[in-house]
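In what follows, a single structure is set out as structure tokens and then discussed.
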Amino acid sequence: MRSKIGLKLKSNYSYNFKIPKRSKNLIQFIILHYTGMKSEKTALQRLCDPKSEVSSHYFIKKNGEVFKLVPDLYEAWHAGKSNWKNYKSLNKNSIGIEICNPGHGNGYKKFTLLQISSLLKLLRFLKKKYNIKSNNILAHSDIAPKRKKDPGEKFPWKLLAQNNLSLWHDLKRDKILSYRKKKITLREEKTFLKNLYKIGYTSFGKKINTNDKLYLTKAFQRRFRQELINGKIDMECYQISKSLLKK
């Protein structure tokens, strides 16, 4: 597969997938994760351990090596309880990629340049093979904001967007910084939440509670306003959401 992806894939078979095979047309999304474990070896073992009941299709080591754990046309167990637009339980509609990183609970670190280089090559290949839209390359925290933080605010989503592999806004840095921490009206806050639902985030309905709003806003910030993750909806968040809808 080196000639097609530009990578030499290693195999490390995982038993954790659903039978039978799914149709190629069912694959609409790519979900990006971090492993959230201190040890790279332990993380890989867990993804292949039948007792864990978790897996992904691909695993990217710190040195950029890529392991294929589950064939693309089988449903790996990586997304869990999840929602995006009208899709629920996204395992059946997605390919999962785990990137080795200790995560927020174990001394969260920047992803290595070798990891990101390999990821870009892999994403280009999968996007073309399965005709996946750039907007459908998502974070685990996007589809499960109440449960997950990965791959987190240190993940280079803007770089992916520059390679046509993700969604990003068009606002210039000096412009958005002038909006930071600037208060918005209640009407603008409601519009912000509606914008998130239109982008694809989970809708909690008209009576969204404070905690749900906090989780949802933090997920948005980890993806699109990575310098400040405070769960507070300000004018910067509002303007970014408007820009994203135009994309």
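If you go through the stretch 194-211 one residue at a time, how many are at positive phi and touching a residue at least 12 places away in the same chain (Cβ under 8 Å)?
Residues of the stretch 194-211 that are at positive phi, as a first pass: 200, 205.
With the extra rule that they be touching a residue at least 12 places away in the same chain (Cβ under 8 Å), the set shrinks to 200.
Counting residues in the stretch 194-211 that are at positive phi and touching a residue at least 12 places away in the same chain (Cβ under 8 Å) gives 1.
Do we find a residue being aromatic (Phe, Trp, Tyr), in contact (Cβ under 8 Å) with a residue 40 or more places away in the chain and more than 25 Å from Leu244 (Cβ to Cβ) anywhere in the stretch 112-125?
yes
In the list Ile19, Ile60, Ile27, which residue meets the criterion of being β-branched (Val, Ile, Thr), surrounded by fewer than 16 Cβ atoms within 10 Å (Cβ to Cβ) and in contact (Cβ under 8 Å) with a residue 40 or more places away in the chain?
On the way: Ile60 fails: surrounded by fewer than 16 Cβ atoms within 10 Å (Cβ to Cβ); Ile27 fails: surrounded by fewer than 16 Cβ atoms within 10 Å (Cβ to Cβ).
Every option except Ile19 fails the conditions.
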> Residues in the stretch 196-219: is at least one under 24 Å from Asp150 (Cβ atoms), under 24 Å from the mean Cα position of the chain (by Cα), part of a loop (DSSP other than H, G, I, E, B) and of a type in the set (Gly, Ala, Ser)?
Replying inline: yes
> Which condition number in (1) polar (S, T, N, Q); (2) at negative phi; (3) surrounded by fewer than 17 Cβ atoms within 10 Å (Cβ to Cβ) is the one that Ser118 fails?
Replying inline: (3)
> Regarding Arg147, is this residue closer than 20 Å to His78 by Cβ, surrounded by fewer than 16 Cβ atoms within 10 Å (Cβ to Cβ) and out of contact with any Asp or Glu (no Cβ under 9 Å at 6 or more places or on another chain)?
Replying inline: yes
>> Any residue in the stretch 182-193 that is in contact (Cβ under 8 Å) with a residue 40 or more places away in the chain and over 10 Å from Ile233 (Cβ atoms) sitting within a Cβ distance under 7 Å of a residue that is among the aliphatic types (A, V, I, L, M) and part of a helix (DSSP H, G or I)? List the pairs, counting only those 6 or more apart or interchain.
In response: Lys182/Met235
> How many residues does the stretch 150-181 hold that are surrounded by 12 or more Cβ atoms within 10 Å (Cβ to Cβ) and touching an Asp or Glu at 6+ places or on another chain (Cβ under 7 Å)?
Replying inline: 3
>> Between Asp142, Asp212, which is closer than 20 Å to Asn91 by Cα, acidic (Asp, Glu) and surrounded by 14 or more Cβ atoms within 10 Å (Cβ to Cβ)?
In response: Asp142
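Residues checked against (1) modelled with pLDDT of 95 or more; (2) within 27 Å of Tyr108 (Cβ to Cβ):
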site	(1), (2)
Phe155	yes, yes
Leu159	yes, yes
Leu167	yes, yes
Leu171	yes, yes
Lys175	no, no
Glu188	yes, no
Lys198	yes, no
Thr210	no, yes
Leu214	yes, yes
>> List pairs: first residue in the stretch 155-179 and free of Cβ contacts under 8 Å to residues at least 12 places away in the same chain, second residue crowded, with 17+ Cβ neighbours inside 10 Å anywhere in the structure, Cβ distance under 7 angstrom, at least six positions apart or on different chains.
In response: Lys158/Trp168
>> Considering only residues that are in a strand (DSSP E or B) and touching an Asp or Glu at 6+ places or on another chain (Cβ under 8 Å), which ones fall in the stretch 8-19?
In response: Lys10, Phe17, Lys18
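The values are calculated or read from the model by the stated rules, or taken from the named source; none is laboratory data. Quantities reported herein were computed from a predicted structural model and do not represent experimental measurements. Quick reminder, even Gly has a Cβ in these numbers, built from the backbone with ideal geometry, and neighbours come from all protein chains shown.
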